[in-house]
Amino acid sequence: TLALKRAPLAIGADSGADRLLAAGVMPVAVIGDFDSISPDTRAALPPDRLHPAPDQDRSDFDKALQAIAAPLVLAVGFTGARMDHGLAVMNALVRLPQRRCIVIGPQDIAFAAPPRLSLHLRRGDTVSLFPFARVAAQSRGLHWPLDGLDFKPWGMIGTSNRAETARVDMTFNRPGMVAILPRARLDRAITALLAAPAWSAPYAPDAPGE
């Protein structure tokens with residue numbers, strides 16, 4: 001319901017279609033390798049809404065994100081109990097930063113940080129940053145500034161920072177950073193992402209190890 005009020009076109013990633021139908025929502029499309037969708041759900045869907053993607057090199061989240069053409073995607077149901085699935089989702093966010101997507105979890109939301117981001121938050125809101133590549137950043141309005149830090153997944157990370165002022169501005173020199181905010185700030189994250197410039201292409205490191 002939270003996502004559908006803001007993004008009314010529902011697309012199922014494989015067995016996500018089961019959850020949508022159980023909630024009384026008919027998806028406009030279902031994308032995936034169809035290894036987990038139930039036979040009853042598959043039979044209930046019009047054939048033209050089924051978009052099989054049988055390759056096993058990508059997750060169903062990855063396949064759906066690449067196939068959807070929309071200003072913004074809200075992804076629900078991808079932060080479950082399996083840690084490997086969650087990491088695969090973060091991997092897709094980082095590799096496809098030109099696709100604006102917010103992953104909604106029970107308490108937090110996560111998205112690939114754009115080149116520039118201006119957020120209107122409440123003082124004290126958690127602003128966590130986790131780099132999946134080597135990234136340099138600058139900030140205004142955070143309790144711990146990002147300027148001059150060498151972010152990388154094997155070194156400096158930026159989790160558990162917080163907003164010091166009502167407006168937080170951040171810039172990033174390249175794709176690779178995932179931002180995590182409280183779920184209560186979903187609407188403000190949507191506004192900020194839609195106003196932010198987008199990366200022009202999928203992420204590709206400049207050199208091995210970056």
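The values are calculated or read from the model by the stated rules, or taken from the named source; none is laboratory data. Fair warning: this is a prediction, and the values are worked out from it, not measured in the lab. For neighbour counting, all protein chains shown are included, and Cβ atoms are generated from backbone atoms with ideal geometry for every residue, glycine included. In case anyone asks, the SASA skips ligands and DNA or RNA and just uses the protein heavy atoms, side chains included. Shrake-Rupley method; radii C 1.70, N 1.55, O 1.52, S 1.80 Å.
Would you kindly state how much longer the chain becomes between Ala43 and Ala166 on full extension, computed as 0.36 nm times their sequence separation minus their alpha carbon distance, in nm to one decimal? Before the final figure, lay out each step's value.
On the way: separation 123, 0.36 × 123 = 44.28 nm, distance 4.99 nm.
My answer for the length gained is 39.3 nm.
Might you report the magnitude of the Cβ-based charge dipole of the chain about its Cα centre, with Lys and Arg at +1 and Asp and Glu at -1, to the nearest 20 debye?
It works out to roughly 840 debye.
Rounded to the nearest 500, what is the 222 nm mean residue ellipticity of the chain from helices alone, with -39500 (n - 2.57) per DSSP H run of 4+ residues and division by all residues? The partial results should precede the final answer.
Numbers: 5 runs with 44 residues, N = 210.
-6000 deg cm²/dmol, from helical runs alone.
Near Gly86, within a Cβ-to-Cβ distance under 14 Å, what is the net charge of the other residues, with Lys and Arg +1 and Asp and Glu -1?
Here the charged neighbours net out to -3.
Under 8 Å for C-alpha pairs, at least 6 residues apart: give me the relative contact order for the chain, rounded to a whole percent.
19 percent
Taking 7 Å along the Cα-to-C-beta vector as the label spot, tell me the Asp35-Asn91 distance in nanometres, rounded to one decimal.
Going by the 7 Å Cα→Cβ label model, 1.3 nm.
Mind grabbing the base-10 log of I(q)/I(0) for region 83-136 at q = 0.16, 0.21, 0.30, 0.32 Å⁻¹? Debye formula, identical points on the C-alpha positions, no solvent, two decimal places.
One equal scatterer on each Cα of region 83-136 leads to -0.56, -0.95, -1.50, -1.53.
Quick one: if the Förster radius is 25 Å, what FRET efficiency do Arg183 and Trp154 give, using the C-beta to C-beta distance and rounding to 0.05?
Approximately 0.30, to the nearest 0.05.
Computing the accessible area with a 1.4 Å probe over protein heavy atoms, can you report the carbon and sulfur percentage for region 134-182?
Values: 1290 of 2350 Å².
Here it works out to 55 percent.
Please turn the phi angles of region 113-127 into ³J(HN,Hα) values with the Karplus equation 6.51 cos²θ - 1.76 cosθ + 1.60 (θ = phi - 60°), one per residue in order, whole Hz, x for glycine and proline.
Residue by residue, region 113-127 yields 5, x, x, 9, 9, 10, 10, 9, 10, 9, 4, x, 4, 5, 10 Hz.
Give me the net charge for the shell around Arg122: Cβ to Cβ below 14 angstrom, other residues only, Lys and Arg +1, Asp and Glu -1.
+3
Quick one: angle between helix 186-195 and the longest Cα principal axis of the chain, in degrees between 0 and 90, rounded to 10, please.
The two axes meet at around 80 degrees.
Please give me the summed charge of the neighbours of Ala163: other residues whose Cβ is under 9 Å from its Cβ, Lys and Arg +1, Asp and Glu -1.
Once all neighbours under 9 Å are counted, the net charge is +2.
Step through the residues of region 5-21 one at a time and calculate ³J(HN,Hα) from phi using the Karplus curve (6.51 cos²θ - 1.76 cosθ + 1.60, θ = phi - 60°), rounding each to whole Hz and writing x for Gly and Pro.
5, 10, 9, x, 8, 9, 10, x, 9, 6, 5, x, 5, 4, 5, 5, 5
Suppose a student asked you for the relative contact order of region 88-210, using Cα pairs under 8 Å spaced at least 6 residues apart; what percent would you report?
Relative contact order, region 88-210: 38 percent.
HN-Hα J couplings of region 130-135 from phi, Karplus 6.51/-1.76/1.60, θ = phi - 60°, integer Hz, Gly and Pro as x?
Computed from phi, the couplings for region 130-135 are 10, x, 10, 7, 7, 9 Hz.
Mind ordering 36-46, 88-98 by average Cβ neighbours within 10 Å, highest first?
Taking the mean over residues of other Cβ atoms within 10 Å, the ranking is 88-98, 36-46.
Loop-only trypsin sites (Lys or Arg not before Pro) in region 117-204, please: DSSP not H, G, I, E or B, and at most 15 other Cβ atoms within 10 Å.
On the way: sites: Arg122, Arg123, Arg134, Arg140, Arg162, Arg167, Arg183, Arg185, Arg188; in loops: Arg122, Arg123, Arg134.
Of the trypsin sites (Lys or Arg not before Pro), the ones in loops of region 117-204 whose Cβ has at most 15 other Cβ atoms within 10 Å are Arg122, Arg123.
Using a Gaussian network model of the chain with C-alpha springs under 10 Å, which one of Ala81, Ala136, Ala198 is most mobile by mean-square fluctuation?
Ala81
Under a plain spin-label model, where a point goes 7 Å from the Cα along Cα-to-Cβ, how far apart in nm are Asp55 and Ala81?
3.2 nm
Would you kindly state how much longer the chain becomes between Leu194 and Asn173 on full extension, computed as 0.36 nm times their sequence separation minus their alpha carbon distance, in nm to one decimal?
Additional length available on full extension: 5.7 nm.
If amide hydrogens are placed 1.01 Å from N in the peptide plane, which non-local residues have theirs closer than 5 Å to the one on Leu146?
It is Ser139, by chain and number.
Which distance in nm do the two modelled labels at Leu4 and Ala67 give, with both placed 7 Å along the Cα-to-Cβ direction?
Once both label points are built, they end up 2.0 nm from each other.
For the chain, what is the convex hull volume of its Cα atoms per residue in Å³?
Expressed per residue, the convex hull around the Cα atoms of the chain is 122 Å³.
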